[in-house]
Amino acid sequence: MIDRPLPDEYPEYYNLYINLIQEGDIIGILEEQSSFAQGFFSAIPEEKGDYTYAFGKWTIKEVLGHMIDTERIMTYRLLRVVRKDKQSLPGFDQDEYVLSGQFFRRTMKDMIDEKLLLRAANLLMYKNIQEEDYMLRGTFNENEISARAIIYIIAGHELYHINFLKENYLTSS
């Protein structure tokens with residue numbers, strides 16, 4: 001089992017995501033999240049995909065696209081760490097990624113399918129990483145981070161955005 005990362009394994013700002021994850025098997029949590037996220041996003045009507053709760057805020061499809069992009073980037077970082085690649089990587093500008101993603105051109109179904117397939121492929125990789133390799137560290141955006149912190153951040157980032165969508169986009173009022 002992959003233990004929860006210690007605070008010295010990641011930059012403090014990632015507490016926002018890591019603290020959202022309950023104790024338990026992180027791989028199992030990611031598997032459950034995949035099923036939940038598919039149902040959650042599938043329940044959002046297609047016409048609501050371009051909805052935003054305020055001017056200048058991301059649409060639901062942009063939030064979903066951001067979640068996909070971030071999981072892809074964080075998994076690449078995880079791969080770099082467990083393959084013992086010592087080169088530092090820069091960060092990424094999430095707003096530029098969303099703008100360039102042109103998610104308004106896509107359907108919710110297409111994006112949901114991509115997210116489901118991405119998580120399935122990533123889970124195969126996560127399950128085949130040796131437990132001791134989750135203790136390895138890499139440097140990204142000038143911050144050292146452990147492989148196990150990355151996997152917890154992936155789970156917490158998804159939960160954060162689903163909660164944010166529920167609270168700000170999908171309220172019944």
Scan segment 149-166 for residues that are aromatic (Phe, Trp, Tyr) and touching a helix residue (DSSP H, G or I) at 6+ places or on another chain (Cβ under 7 Å) and jot them down. 152, 160
Mind listing whichever residues of segment 16-33 are hydrophobic (A, V, I, L, M, F, W, C), in a helix (DSSP H, G or I) and under 14 Å from residue 163 (Cβ atoms)? 16
In segment 4-60, which residues are more than 14 Å from the chain's Cα centre (by Cα) and among the hydroxyl-bearing types (Ser, Thr, Tyr)? 10, 13, 35, 42, 51, 52, 53, 59
The number of residues in segment 66-91 that are without any contact (Cβ under 8 Å) to a residue 24 or more places away in the chain and under 19 Å from residue 156 (Cα atoms) is 2
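Conditions tested, residue by residue: (1) out of contact with any Gly (no Cβ under 8 Å at 6 or more places or on another chain); (2) of a type outside the set (Gly, Ala, Ser); (3) not in a loop (DSSP other than H, G, I, E, B).
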residue	(1), (2), (3)
58	yes, yes, no
85	no, yes, no
109	yes, yes, yes
115	yes, yes, yes
Out of the residues in segment 117-142 that are of a type in the set (Asp, Glu), touching a residue at least 24 places away in the same chain (Cβ under 8 Å) and outside any loop (DSSP other than H, G, I, E, B), which is farthest from residue 13 (Cα to Cα)? 131
Filtered residue count, segment 135-161, keeping only those that are hydrophobic (A, V, I, L, M, F, W, C), under 14 Å from residue 70 (Cα atoms) and surrounded by 20 or more Cβ atoms within 10 Å (Cβ to Cβ): 6
What number of residues in segment 61-77 are of a type outside the set (A, V, I, L, M), buried (at least 21 other Cβ atoms within 10 Å of the Cβ) and out of contact with any Gly (no Cβ under 8 Å at 6 or more places or on another chain)? 0
Of the residues in segment 1-51, how many are surrounded by 15 or more Cβ atoms within 10 Å (Cβ to Cβ) and under 26 Å from residue 117 (Cα atoms)? 20
Over segment 91-112, the set of residues more than 16 Å from residue 150 (Cβ to Cβ) and either surrounded by 13 or more Cβ atoms within 10 Å (Cβ to Cβ) or at pLDDT below 95 (or both) is 94, 97, 98, 101, 103, 106, 108, 111, 112
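The values are calculated or read from the model by the stated rules, or taken from the named source; none is laboratory data. In this text, all values refer to a predicted model and were calculated from it rather than measured experimentally. Please note: Cβ atoms are built from the backbone with ideal geometry, for glycine as well, and neighbour counts cover all protein chains shown.
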